[in-house]
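Have a look at the structure below before the remarks.
The values are calculated or read from the model by the stated rules, or taken from the named source; none is laboratory data. These numbers were taken from a predicted model, which means no experiment stands behind them. Cβ placement follows ideal geometry from the backbone for every residue including glycine, while neighbour counts extend to all protein chains displayed.
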Amino acid sequence: MRKLLLGIVLVATFRASLEAQQKPTLSSLTKSFVTVDSTVVALEHVRVIDGTGAAPEADQTILIENGMIRGIGPSSAVSVPPGAHVLELKGRSVIPGLVGMHDHMFYPAASGEGPVEGAPALYGEMGFSFPRLYLAEGVTSIRTTGSLETYTDLALKKMIDTGKMPGPKINITGPYLEGAGSFTPQLHELSGPEDAVRLVNYWIDEGATSFKAYMHITRAELSAAIKAAHARGIKVTGHLCSVGFSEAAEMGIDDLEHGLVVDQEFNPDKLPDVCPPDADRHPSMEKMDIESETVQAVIRKLVQHHVAVTSTLVIFETFAANRPPLEDRVLQAMSLPSRADYLAARAKIAEGSDNGTILLKKEMQFEHDFVKAGGLLLSGEDPTGYGGALAGFGDQRQTELLVEAGFTPLEAIHIATQNGAEFLGQADRIGTLSAGKQADIVVVKGDPSQKIRDIENVELVFKDGIGYDSERLVRSVHGAVGLH
């Protein structure tokens, strides 16, 4: 074992030296949340859940050096270098940092009066609270998957990357590719295929690394955007309505957000290039048989065309009566107006018909069948809706809901870590725990491989080998979500 570890260290030494040269200088603000910042760190006597789906390994020691994982092995066999910062973590488990694949930086603007009929949907950038919450709850990498303030997102990424503020690694998605009819005035509405190509190329030049097509885009605009993005090595995902999943797969889209619940190709009122007015509540979806040949044919087409699906069960759960469980930690993070809006909307849903639960269960079944057929399922939270899913907390709840959908805890963690890393093309650096990878590691109390809710018991989050205090980060944003 020692020879194996030594070999791993030697193989990764050159890469580690390059990483060390690029290590940012942390600002005093960022340092105030750091509890571990040493060249060599040893996490002793931990249970390792490596993100691959493999069975956990008990009583392991992880060696971290210069922000990289140097080796993992039985505590009895790993020699800890003199001078290492040693953490005794018996009773704790470690998992890879979560890779949030639908993690916006914005959140519904609050009225403090609950839902207001006829008011435009508006969203504020949570540049203060969300980066801290994502990191605090173990989300070390995110894809923004649709941006309202793309320049702000790019600036926040730069501040985090240079150590000026705490937060996750951010993969920037450009502004929404939306057609005429947007439900919020904050989106640019495309004027045609040429406009789609112009927007894609402009924002790639500015630093966007992916794009998201939205509900009113036409087939011609979507096709043009995909071709322009692919020509420059950039992927396109979509929360689609005017275009069906099957059509988008044939055009070459790389990913589809939310799953079957938003796919309108089964809606009898659907017209070409038009998002039906009843898209959010069309009764045909409630009656849809996921095991029917029609739905299974869509699943096969997505798999054949290598189209991933991003699961966002956590946002659908908020539209089911009396779900999710009310958590004080979530309410404490909200501003008072946002909390009032959330509780009012939640109460209204509980008083009505519970079709939200029906749709949630159908989406769970669809995603389970999709994976069974060989599809690549990603995981994200989508902190929008009426404000029921918050950064970080929502990613944890999303992983728990994957277990409710029929996946084992180990499979759910694999979906929430390695799958996202693979889709981003970063699986050689993040997503699993193994020697030579970046030390993005979440320390939790308990055993989420047996009890998935233990994933909420985050004590320490390492990003590139620097350990952040989860509780301190969360406390710093009490009352902030909905404000900034």
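Brief remarks follow.
- Residues located in the stretch 415-433, provided they are among the small types (Gly, Ala, Ser) and touching a helix residue (DSSP H, G or I) at 6+ places or on another chain (Cβ under 9 Å): ALA416, ALA427, GLY431
- Residue among SER182, SER141 that is under 30 Å from VAL474 (Cβ atoms) and either of a type outside the set (Phe, Trp, Tyr) or not in a helix (DSSP H, G or I) (or both): SER141
- Where a residue in the stretch 419-436 is on the phi > 0 side of the Ramachandran plot and its partner, wherever it lies, is assigned to a helix (DSSP H, G or I) and among the hydrophobic types (A, V, I, L, M, F, W, C), with Cβ under 8 Å and at least six apart: GLY431/ALA421; GLY436/ILE8; GLY436/VAL11; GLY436/ALA12
- Selection status of LYS90, at pLDDT 95 or above, charged (D, E, K, R), surrounded by fewer than 23 Cβ atoms within 10 Å (Cβ to Cβ) and in a helix (DSSP H, G or I): no
- Listed conditions (1) in a helix (DSSP H, G or I); (2) exposed (fewer than 13 other Cβ atoms within 10 Å of the Cβ) are all met by ASP269, apart from (1).
- Any hit, the stretch 191-205, residues being aromatic (Phe, Trp, Tyr) and under 16 Å from ALA248 (Cβ atoms): no
- A search for C-beta distances below 8 Å between a residue of the stretch 220-247 that is in contact (Cβ under 8 Å) with a residue 24 or more places away in the chain and any residue that is in a helix (DSSP H, G or I) and among the aromatic types (Phe, Trp, Tyr), counting only pairs 6+ apart in sequence or on different chains, returns LYS235/PHE423.
- From the list PRO175, PRO168, the one residue that fits, being within 16 Å of the chain's Cα centre (by Cα) and closer than 29 Å to VAL474 by Cα, is PRO168.
- Single condition ALA435 does not satisfy, out of (1) under 30 Å from ILE234 (Cα atoms); (2) among the aliphatic types (A, V, I, L, M); (3) surrounded by fewer than 24 Cβ atoms within 10 Å (Cβ to Cβ); (4) under 18 Å from the mean Cα position of the chain (by Cα): (4)
- Count of the stretch 325-354 residues which are farther than 15 Å from ALA109 by Cα, surrounded by fewer than 16 Cβ atoms within 10 Å (Cβ to Cβ) and touching a residue at least 40 places away in the same chain (Cβ under 8 Å): 4
- The conditions of being modelled with pLDDT of 95 or more, surrounded by fewer than 14 Cβ atoms within 10 Å (Cβ to Cβ) and charged (D, E, K, R) are not met by ASP195.
- Enumeration of residues in the stretch 209-233 that are touching a helix residue (DSSP H, G or I) at 6+ places or on another chain (Cβ under 7 Å) and either under 19 Å from HIS104 (Cβ atoms) or modelled with pLDDT under 95 (or both): PHE211, ALA213
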